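Asks: What follows is a structure written as structure tokens; I'll ask about it next.
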Amino acid sequence: MLRPVSFPPFQPPVIDVQARYRLPSEVRYCRRCVISNQRPRITFDAEGVCSACRYAELKHGRVERAINWTQRERELAALCDRTRRNDGRFDVVVPCSGGKDSGYVAHVLKTKYGMHPLTVTWAPHWYTDIGRENLHSMIHSGFSNICFTPDGAVHRLMTRLAFVNLGDPFQPFIYGQKNFPLNVAAMYDIPLIMYGENGEVEYGGDMKNAFSPTHDTGGDMVKHYFSGISPEEWVQHGVHEHDLAVYRGPSQERIQAVGIQCHFMGYYHQWIPQELYYYCSENTGFQANPEGRSEGTYSKYASLDDRTDGFHYWLAFIKFGIGRCTSDAAHEIRDGHIERDEGVALVRQFDGEFPARHFEEFLDYTGLTEAQFHESVNVWRSPHLWAREGGAGLAGWKLKHAVWHDDAKVG
Ligand SMILES: [Zn+2]
């Protein structure tokens, strides 16, 4: 049990979920993969194919004018040549959880491109044993690391408020995950930050930066990563202004003075999650989840380090009808590892599974009762996606549309 901290009274908001996320009234599924049009910012073309599947065609060379990975690799080599330091200073920041993605980025930059990465970790809400061990293994395979753990009482308050008011307990983590590497880059005068994949293009979203190696360090961060809500806005929910300092990034002047750029490795190297797993098992001591598959999906090697992360994915399932398995299966269909009908069967089996393994700890962390938890969750069930069909508690909620329903609208 964690020591209780004092939280403001429980006050769930009233939200029109469909309007807030601009979700289309008619639920349609991509003709190629299993994603639906309810994923924020995703687009479907006239043939009923989603933007992420179209990007995958270019990525895997299935169409003319596909991405030339040899050329992209040369671009990375040139970037590294411009940035490399040989005087003992670090030359690239790699935001890093200890997972397979960041382990791959750091290891490749160091061993193949002769860079001097500083790995930077914004600690999970509540480490899992395997998460801690994987970070430890990665460090001991040959990397310097700075791990920052924010004030636990403040972070618990922020997490509770974000869960209740935004329907996403991960919001405070995401501030740190994005802003802390910028702060470290500013502090150590390091002009390059290398992220892994660009989630917006790999999983479906805003394609504006699909053919750009960098992401914006200004306004788009708030839109893409912070759900339109900057750290400052939490003052109105009762977080003390001073406590928000660690969640903020450096000033634009400082970013420009150091010349900090954020790049995506997924722009330079073909990004295939399964292969990163093999690479890191081999090179950074990465281990898959010993407890087996993650709840809500069939994979056992992604997003393992935080006991609360199952609730982040599960809330997305509540809001959009898109769970962790849908995202995983869609990516694997695009990578050509499974067929669409296999993906549909996996979604039917695993999507939306309740993250029971760490439920007690989640309640303890956020100071919510079980009844308050469910009352909060139900705020995020849009009537165009969910129906109450009798039955007590969770079992009484049914998705009106699912990719495995016979009448699912495809294309
Ligand atoms: Zn698709």
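Asks: Can we say Tyr175 is among the aromatic types (Phe, Trp, Tyr) and within 20 Å of Tyr277 (Cα to Cα)?
Replies: On the way: among the aromatic types (Phe, Trp, Tyr): yes; within 20 Å of Tyr277 (Cα to Cα): no.
Considered against the rule, which asks whether it is among the aromatic types (Phe, Trp, Tyr) and within 20 Å of Tyr277 (Cα to Cα), Tyr175 comes out as no.
Asks: To continue, here is another question. Identify, by number, the condition in (1) more than 29 Å from Trp380 (Cα to Cα); (2) crowded, with 20+ Cβ neighbours inside 10 Å that Phe173 doesn't meet.
Replies: (1)
Asks: Looking at this structure, is Cys33 in contact (Cβ under 8 Å) with a residue 24 or more places away in the chain, within 22 Å of Arg348 (Cα to Cα) and assigned to a loop (DSSP other than H, G, I, E, B)?
Replies: On the way: in contact (Cβ under 8 Å) with a residue 24 or more places away in the chain: yes; within 22 Å of Arg348 (Cα to Cα): yes; assigned to a loop (DSSP other than H, G, I, E, B): yes.
Judged against the criteria, Cys33 is a match.
So that you can scan it fast, the table gives a plain yes or no per residue for (1) part of a helix (DSSP H, G or I); (2) modelled with pLDDT under 95; (3) not hydrophobic (A, V, I, L, M, F, W, C):
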residue	(1), (2), (3)
Ile67	no, yes, no
Asp87	no, no, yes
Tyr104	yes, no, yes
Ile130	yes, yes, no
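Asks: Any chance region 78-88 includes a residue that's more than 16 Å from the ligand (Cβ to nearest atom), touching an Asp or Glu at 6+ places or on another chain (Cβ under 7 Å) and hydrophobic (A, V, I, L, M, F, W, C)? If you could, list the steps in order and put the result at the bottom.
Replies: Residues of region 78-88 that are more than 16 Å from the ligand (Cβ to nearest atom), as a first pass: 78-88.
Imposing the further condition that a residue be touching an Asp or Glu at 6+ places or on another chain (Cβ under 7 Å) reduces the set to 83-85.
Keeping just the survivors that are hydrophobic (A, V, I, L, M, F, W, C) gives none.
Among the residues of region 78-88, not one is more than 16 Å from the ligand (Cβ to nearest atom), touching an Asp or Glu at 6+ places or on another chain (Cβ under 7 Å) and hydrophobic (A, V, I, L, M, F, W, C), which makes the answer no.
For (1) touching a residue at least 24 places away in the same chain (Cβ under 8 Å); (2) more than 20 Å from Phe286 (Cβ to Cβ); (3) assigned to a loop (DSSP other than H, G, I, E, B), each residue gets a yes or a no:
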| residue | (1), (2), (3) |
| --- | --- |
| Glu64 | no, yes, yes |
| Glu75 | yes, yes, no |
| Cys80 | yes, yes, no |
| Phe90 | yes, yes, yes |
| Gly98 | yes, no, yes |
| Asp101 | yes, no, no |
| Val120 | yes, no, no |
| Glu133 | yes, no, no |
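Asks: Might you check whether a residue that is within 16 Å of the ligand (Cβ to nearest atom), surrounded by fewer than 16 Cβ atoms within 10 Å (Cβ to Cβ), under 30 Å from Leu161 (Cβ atoms) and not aliphatic (A, V, I, L, M) occurs anywhere in region 14-34?
Replies: Let us first name the residues in region 14-34 that are within 16 Å of the ligand (Cβ to nearest atom), namely 24, 27-34.
Among the residues that remain, those that are also surrounded by fewer than 16 Cβ atoms within 10 Å (Cβ to Cβ) are: 24, 31.
Imposing the further condition that a residue be under 30 Å from Leu161 (Cβ atoms) reduces the set to 24.
Checking the rest, the ones that are also not aliphatic (A, V, I, L, M) come to 24.
So far as region 14-34 goes, yes, one or more of its residues are within 16 Å of the ligand (Cβ to nearest atom), surrounded by fewer than 16 Cβ atoms within 10 Å (Cβ to Cβ), under 30 Å from Leu161 (Cβ atoms) and not aliphatic (A, V, I, L, M).
Asks: Please find, within region 41-60, the residue that is farthest from the ligand (Cβ to nearest atom) out of those that are out of contact with any strand residue (DSSP E or B) (no Cβ under 6 Å at 6 or more places or on another chain) and over 18 Å from Glu197 (Cα atoms).
Replies: Within region 41-60, the subset out of contact with any strand residue (DSSP E or B) (no Cβ under 6 Å at 6 or more places or on another chain) is 41, 43, 45-49, 51-60.
Keeping just the survivors that are over 18 Å from Glu197 (Cα atoms) gives 43, 45-49.
Values: Thr43: 11, Asp45: 10, Ala46: 14, Glu47: 11, Gly48: 9, Val49: 6 Å.
For region 41-60, the residue satisfying everything is Ala46.
Asks: Counting only residues that are touching a residue at least 40 places away in the same chain (Cβ under 8 Å) and closer than 14 Å to Ser294 by Cβ, which one in region 317-327 is farthest from the chain's Cα centre (by Cα)?
Replies: Narrowing region 317-327 to residues touching a residue at least 40 places away in the same chain (Cβ under 8 Å): 318-322, 326-327.
Remaining after also requiring closer than 14 Å to Ser294 by Cβ: 326-327.
Values: Thr326: 14, Ser327: 11 Å.
Restricting to residues being touching a residue at least 40 places away in the same chain (Cβ under 8 Å) and closer than 14 Å to Ser294 by Cβ, the top hit is Thr326.
Asks: Quick one: in region 359-398, which of the residues that are in contact with a helix residue (DSSP H, G or I) (Cβ under 9 Å, 6 or more places away or on another chain), part of a strand (DSSP E or B) and not charged (D, E, K, R) is farthest from Arg28 (Cα to Cα)?
Replies: Trp397
Asks: Residue by residue through region 182-210, note down the ones that are in contact (Cβ under 8 Å) with a residue 40 or more places away in the chain, within 24 Å of Phe163 (Cα to Cα), out of contact with any Asp or Glu (no Cβ under 7 Å at 6 or more places or on another chain) and outside any loop (DSSP other than H, G, I, E, B).
Replies: none
The values are calculated or read from the model by the stated rules, or taken from the named source; none is laboratory data. Just so it is clear, the structure is predicted and the values come from calculations on it, not from any experiment. A quick note on method: Cβ atoms are made from the backbone with ideal geometry, for glycine too, and the neighbour counts reach across all protein chains shown.
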